[in-house]
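Enquirer: Below are the structure tokens for one structure; questions will follow.
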Amino acid sequence: MLITKRLAVCAALAVSIPAWGQTAFRPPSVPLVANNPFLSIWSSADRLTDATTVHWTNRAQPLSSIIKVDGKSFRLMGADPENVEAMPQVGLEVTPTRTIYRFATEQVDVTLTFLTASLPDDLEVFARPLTYLTWKVRSIDGQSHAVSLFDSTSTLLAVNTPREAVGIERGMAGSLSWLRAGTDSQPVLRSSGDDHRIDWGYVYVASAIGQGEKAVAGGSQAIMSDFTGSPITFNENGRQPTDPNQTALAFAFDLGKVSAEPVTRQVILAYDEIYSIRYFGTKLRPYWRRNGATPEGLLRTAYKEFPGIEKRCVEFDRDITADAERLGGAKYAQLCALAYRQSLAACGIAADAKKQPLYFPKENSSNGCIATVDVIYPGSPLLLLVSPSLLKAQLTPVLDYAASPRWKWSFAPHDLGTYPIAGGQVYGGGERTEENQMPVEESGDMLLMIAGLAKTDGNARYAGAYWPTLTKWANYLREKGLDPENQLCTDDFAGHLAHNVNLSAKAILALASYARMAEMLGKQDVADDFFASARSMAKEWVRMAADGDHTRLAFDKPGTWSQKYNLVWDRLLGLDIFPASVARQELAFYRTVMQRYGVPLDSRRTYTKTDWELWTATMAEKREDLDAIVAAAYDSVNDTRSRVPFTDWYETTDAREAGFRARSVIGGIFIKMMSDDAVWKKWAGRDKAKVGKWAPLPTPPEVKEVVPTSERTPVMWRYTTAKPADDWASPAFDASGWTEGPGGFGSRGTPGAVAGTAWNTDDIWLRREFTMPEGRFRALKFSVYHDEDVEIYVNGVPAASEAGYVNAYTWLDISPAAAALLKPGAKITLAAHCHQTTGGQGIDVGLVDVLSGGD
């Protein structure tokens with residue numbers, strides 16, 4: 001009976017749906033709303049009605065939709081309400097800018113499209129933080145049917161944790177009705193971290209509604225029950241159960257009698273961050289806000305321009321998919337389609353003081369770093385292909401930081417902080433030591449990417465603006481790059497490695513890239529010198545790396561191997577530094593070690609990286625070698641049981657996610673399209689953005705330590721891990737029975753933490769007493785390290801709180817009531833409670849005065 005009904009529906013739809021038993025492409029997680037690291041919602045199920053939609057961090061952010069046909073309700077989106085039947089899903093298509101679901105009964109056909117206008121040739125449209133949801137309904141049985149639609153957006157989109165209080169408002173933007181929600185506290189740019197969602201600004205849902213249609217906000221269960229006309233129940237046993245009392249922003253549409261002529265309705269889901277990035281102490285506006293635009297104006301413009309935007313997105317999807325399919329096959333094109341929005345949505349675009357774009361990637365599902373060089377590098381092919389301007393907008397903050405007095409090393413930095421706070425490197429030794437730095441990796445990455453930009457521009461003017469810095473890195477690589485010391489590379493999850501052969505190849509090609517740029521700048525003597533060095537080092541590399549029918553993982557490790565994906569730049573940039581036979585031999589060898597789902601990264605483990613696999617495949621001279629690697633990568637996505645956004649790190653034996661998801665690096669798979677110079681030139685030539693003359697790096701704020709943390713010198717605290725009495729933060733509380741120990745408190749190895757005293761329980765309570773120093777304070781703030789949730793009190797008065805975790809000491813604003821107590825000479829009891837749930841942990845608190853540059 002099921003088969004009969006399905007075939008009947010398919011025939012009525014007259015669409016191409018795979019025959020029963022055949023396998024169609026099945027994304028492990030489907031992009032729905034994909035704009036930036038905070039506005040990023042996915043469906044991790046085969047059918048849109050099988051699970052609650054989630055943020056990329058896998059926290060519930062429910063989007064729901066119900067359709068009522070002749071009085072009978074069906075779910076179109078979301079696992080709730082569980083007692084409303086799901087309308088059969090009969091189709092799913094993922095294109096670069098759109099996700100299109102098809103549903104049908106014997107009476108009606110419904111198409112639900114999610115469109116994010118990530119058009120790289122139009123930064124004005126590209127930067128808009130919104131996605132269009134469009135329903136198209138038609139009758140397919142020759143009869144007219146009474147139809148109404150319901151759409152609901154949870155206010156969880158505006159919080160980091162569900163316990164944060166939210167306020168709801170409504171208004172009009174021209175002919176649009178909008179609802180918005182945001183936290184009461186509005187802690188703008190006060191926190192950072194990886195598993196972190198935005199809890200400042202406002203989520204907007206807007207639509208043009210007519211007579212008999214309405215916008216409503218309230219409890220999810222109540223507003224859904226009102227629409228269906230009967231009590232509903234929420235799923236308690238599903239993959240992502242939701243709280244029926246959670247509030248939501250909803251629209252109900254009366255479509256009237258629907259016949260064969262399609263009827264459409266649309267909702268715009270948008271987010272106004274107000275400020276999106278803290279850039280060396282300065283709050284940056286989102287790029288779309290740089291000229292004073294308002295949310296209401298954004299919504300009006302987006303609604304008015306939708307027909308033209310939709311047409312452009314359809315054309316963009318068609319054209320780029322056609323080129324991808326011609327160069328890499330249908331499976332490659334499908335991988336590119338799935339990767340496109342994810343790669344871009346892992347970055348946020350802001351405007352500097354001169355209203356120029358700065359484009360910041362977040363190191364999703366790793367450590368949450370912002371502007372990580374070895375995350376920009378693997379993702380750079382997508383931007384080199386379709387928007388060199390956006391790649392410049394990513395590299396400029398790194399280059400400005402590296403050229404500033406703050407960065408004292410002769411190699412490139414790793415990062416600029418933890419998203420969305422860019423205040424200087426936090427990874428490894430940060431600005432303090434060379435410990436756990438990635439000198440060869442990051443310096444080589446930067447030189448190669450900037451050389452790629454010089455190729456797309458046809459000149460090296462961008463490189464020339466930073467020539468002293470690039471020269472410093474090139475000299476470092478010439479000295480250290482041939483046989484790298486024991487250090488990390490972009491594959492740092494595999495640990496330190498000395499004499500890394502692939503890293504050496506990167507350094508050599510980076511030197512040749514520097515030489516090429518010198519040549520373009522008319523510095524022929526410099527070019528000849530560095531080309532000679534690169535060629536000499538390449539000859540030595542071939543001799544040292546040889547291991548029979550392949551090259552080694554490390555120069556001193558015979559019997560090992562690794563993917564030499566960095567060699568791809570020799571061909572892409574036309575450098576001709578390594579013999580072509582090297583890549584040819586490597587590809588032949590990889591086929592002998594290939595597993596069911598791909599080529600392992602190296603001989604140590606069976607996991608691989610999707611981005612590097614496609615870089616390796618791009619070196620293939622034989623189409624069959626390319627096709628074999630592409631097919632394995634495609635199957636890994638299609639077959640994996642890890643229902644997460646496109647992972648770039650997975651097991652080649654069973655396609656299981658090894659640890660990464662939703663990262664911008666997946667844009668690296670577009671590298672095959674760069675192997676055809678005509679295609680690369682065609683797409684890069686569409687980039688008409690006028691970028692340049694960026695504002696200088698903001699002057700770092702002048703900060704004076706008032707009450708020290710233990711970041712540099714241990715400070716003594718009293719502490720307990722047993723829940724104390726309710727008045728534990730009061731000055732009158734007797735804490736003499738608590739243990740005394742040096743700060744900070746936490747587990748060793750937690751990134752950014754100082755662990756003077758080991759703490760490994762769920763909770764810790766701290767107290768210390770001091771006299772406020774004399775002086776006039778301009779802007780007192782707490783200097784805090786917390787992993788995870790922290791509450792701070794001054795003389796028993798709530799002073800600050802923050803959920804989640806950070807990777808470095810950060811500032812927290814002090815409540816007015818607590819700030820009033822912090823007078824010179826005052827006796828102060830500083831108390832803090834930190835709650836931990838998983839992973840590393842740590843807590844430390846002090847006071848600083850921001851003398852200048854803070855906001």
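The values are calculated or read from the model by the stated rules, or taken from the named source; none is laboratory data. All of these numbers come straight from a predicted model, not from anything done at the bench. As a convention, Cβ positions derive from the backbone with ideal geometry for all residues, glycine included, and neighbour counts pool all protein chains shown. The protein model used for the area step is the full one, side chains on, heavy atoms only, and it has no ligands, DNA or RNA in it. Shrake-Rupley method; radii C 1.70, N 1.55, O 1.52, S 1.80 Å.
Enquirer: For the chain, what does -39500 (n - 2.57) per DSSP helix run (n ≥ 4), summed and divided by total residues, give at 222 nm, in deg cm²/dmol to the nearest 500?
Expert: After summing the helix terms and dividing by the residues of the chain, the value is -9000 deg cm²/dmol.
Enquirer: Against the empirical 2.2 N^0.38 Å scaling, what ratio does the C-alpha Rg of segment 328-483 come to?
Expert: Against the empirical 2.2 N^0.38 Å value, I get 1.04 for segment 328-483.
Enquirer: Probe 1.4 Å, all protein chains in place: accessible area of S533 in Å², nearest 10?
Expert: Roll a 1.4 Å probe over it and S533 shows about 20 Å².
Enquirer: So, how do all the Cα-to-Cα distances of segment 394-449 break down into 5 Å bins, in percent, from 0 on up?
Expert: Percent of Cα pairs in each bin: 4, 20, 34, 27, 13, 1.
Enquirer: Here's another thing I want to ask about it. When only DSSP loop residues count, what trypsin sites (Lys or Arg not before Pro) in segment 707-794 have their Cβ near at most 14 other Cβ atoms within 10 Å?
Expert: Working: sites: R712, R718, R748, R767, R768, R776, R778, K781; in loops: R712, R748, R776, R778.
The qualifying sites are R712, R748, R776, R778.
Enquirer: For segment 405-499, run through the GluC sites (Glu not before Pro) and keep only the ones in DSSP coil with at most 10 other Cβ atoms within 10 Å of their Cβ. Walk me through the numbers before you get to the answer.
Expert: Details: sites: E431, E434, E435, E441, E442, E479, E485; in loops: E431, E434, E435, E485.
Of the GluC sites (Glu not before Pro), the ones in loops of segment 405-499 whose Cβ has at most 10 other Cβ atoms within 10 Å are E435.
Enquirer: Kindly provide the Kirkwood hydrodynamic radius of segment 456-537 in Å, to one decimal, from all pairs of distinct alpha carbon atoms.
Expert: On the way: mean 1/r = 0.0746 Å⁻¹.
Over segment 456-537, the inverse of the mean reciprocal pair distance is 13.4 Å.
Enquirer: Scale the Cα Rg of segment 331-381 by the rule-of-thumb value 2.2 N^0.38 Å and send over the ratio, two decimals. Intermediate results must be reported in sequence, preceding the final value.
Expert: Values: Rg = 12.8 Å, N = 51, 2.2 N^0.38 = 9.8 Å.
After normalising by residue count via 2.2 N^0.38 Å, the value is 1.31.
Enquirer: A further question on this structure: Residues with amide H under 5 Å of A695's amide H, sequence separation 5 or more or different chain, H placed in the peptide plane at 1.01 Å from N; which?
Expert: The list, which skips near neighbours in sequence, is A353, K354, Q356.
Enquirer: Report the Cα centroid-to-centroid distance between segment 37-75 and segment 101-162 in angstrom, as an integer.
Expert: Cα centroid of segment 37-75 versus Cα centroid of segment 101-162: 11 Å apart.
Enquirer: Okay, moving on. Post the alpha-carbon centroid distance, segment 752-820 to segment 613-643, in whole angstrom.
Expert: Centre-to-centre (Cα) distance: 49 Å.
Enquirer: If you don't mind, there's one more thing I want to ask. Sequence neighbours fewer than 8 away in the same chain don't count; with that in mind, list the lysines whose C-alpha is under 16 Å from K72.
Expert: K257
Enquirer: What percent does the relative contact order of segment 676-761 come to when contacts are Cα pairs within less than 8 Å and at least six residues apart?
Expert: On the way: 74 pairs, mean separation 19.2, N = 86.
Taking the mean separation of contacting Cα pairs over the length of segment 676-761, I get 22 percent.
Enquirer: I've got another one for you. Answer rounded, prolate or oblate for segment 654-708, using the Cα gyration tensor with square roots of eigenvalues a ≥ b ≥ c: rounded when a/c is under 1.5, else prolate when a/b is larger than b/c, else oblate. Let's see the in-between values first.
Expert: Working: a/c = 5.65, a/b = 1.42, b/c = 3.98.
Since a/c reaches 1.5 but b/c is at least a/b, the shape of segment 654-708 is classed as oblate.
Enquirer: If the viscosity is 0.692 mPa s and the temperature 37 °C, what translational diffusion coefficient in µm²/s does Stokes-Einstein give for segment 186-330 when Rh comes from Kirkwood over Cα pairs?
Expert: 167
Enquirer: Still on this model: Project the alpha carbons of segment 109-264 onto their principal axes and report the range along each, largest first, in whole Å.
Expert: 57, 46, 32
Enquirer: Quick one: how many lysine pairs does segment 266-374 have with C-alpha atoms less than 26 Å apart and a gap of 8 or more or different chains? Give me the count, please. Display every interim value, and only then the final one.
Expert: Details: K283/K354; K283/K355; K283/K362; K304/K355; K311/K331; K354/K362.
Lysine pairs satisfying the spacing and distance rule in segment 266-374 number 6.
Enquirer: Taking a 1.4 Å probe, which of R318, R406 shows the most accessible area, and what order do the others take after it?
Expert: R318, R406
Enquirer: Please say if segment 303-355 is rounded, prolate or oblate, where rounded means a/c under 1.5 for a ≥ b ≥ c the square roots of the C-alpha gyration tensor eigenvalues, and otherwise the choice is prolate for a/b larger than b/c and oblate otherwise? Walk me through the numbers before you get to the answer.
Expert: On the way: a/c = 2.83, a/b = 1.48, b/c = 1.91.
It comes out oblate by the Cα gyration axes.
Enquirer: Okay, moving on. Could you give the DSSP H helices of the chain that reach 15 angstrom or more along their long axis (alpha carbon positions) and whose average Kyte-Doolittle hydropathy is no lower than -1.0?
Expert: Answer set is 2-13, 295-328, 330-345, 373-386, 388-403, 439-457, 501-520, 524-545, 580-593, 623-639.
Enquirer: Same structure, new question: I'm checking a number: the convex hull volume of the Cα atoms of segment 32-74, normalised per residue, in Å³. What is it? List each step's numbers first, then the result.
Expert: Values: hull volume 3.2 nm³, N = 43.
Normalising the Cα hull of segment 32-74 by residue number yields 74 Å³.
Enquirer: In addition: For segment 560-616, which chymotrypsin sites (Phe, Trp or Tyr not before Pro) are both in a DSSP coil and crowded by at most 11 other Cβ atoms within 10 Å? Intermediate results must be reported in sequence, preceding the final value.
Expert: Details: sites: W561, Y565, W569, F589, Y590, Y597, Y607, W612, W615; in loops: W561, Y597.
Sparse-neighbourhood loop chymotrypsin sites (Phe, Trp or Tyr not before Pro): none present.
Enquirer: State, as an integer percentage, the relative contact order of the chain based on alpha-carbon contacts under 8 Å between residues 6 or more apart. Walk me through the numbers on the way to the answer.
Expert: Numbers: 2020 pairs, mean separation 95.4, N = 855.
After rounding, I find 11 percent.
Enquirer: Work out from phi, with θ = phi - 60° and the Karplus expression 6.51 cos²θ - 1.76 cosθ + 1.60, the ³J(HN,Hα) of each residue of segment 86-96, listed in order in whole Hz, and give x for Gly and Pro.
Expert: 7, 6, x, 8, 10, x, 8, 9, 10, 10, x
Enquirer: Could you tell me which label, among (i) 2, 12, 21, 24, 20, 13, 6, 1, 0; (ii) 2, 10, 15, 16, 14, 12, 10, 7, 5, 4, 2, 1, 1, 1, 0, 0, 0, 0; (iii) 2, 11, 18, 22, 21, 14, 7, 4, 2, 0, 0, 0, carries the value of P(r) over Cα pairs in 10 Å bins from 0, in percent calculated for this structure?
Expert: (i)
Enquirer: Here's a follow-up. If we restrict to alpha carbons, what Rg and Dmax does segment 71-148 come to, in Å?
Expert: Rg then Dmax for segment 71-148, in Å: 15.5, 45.
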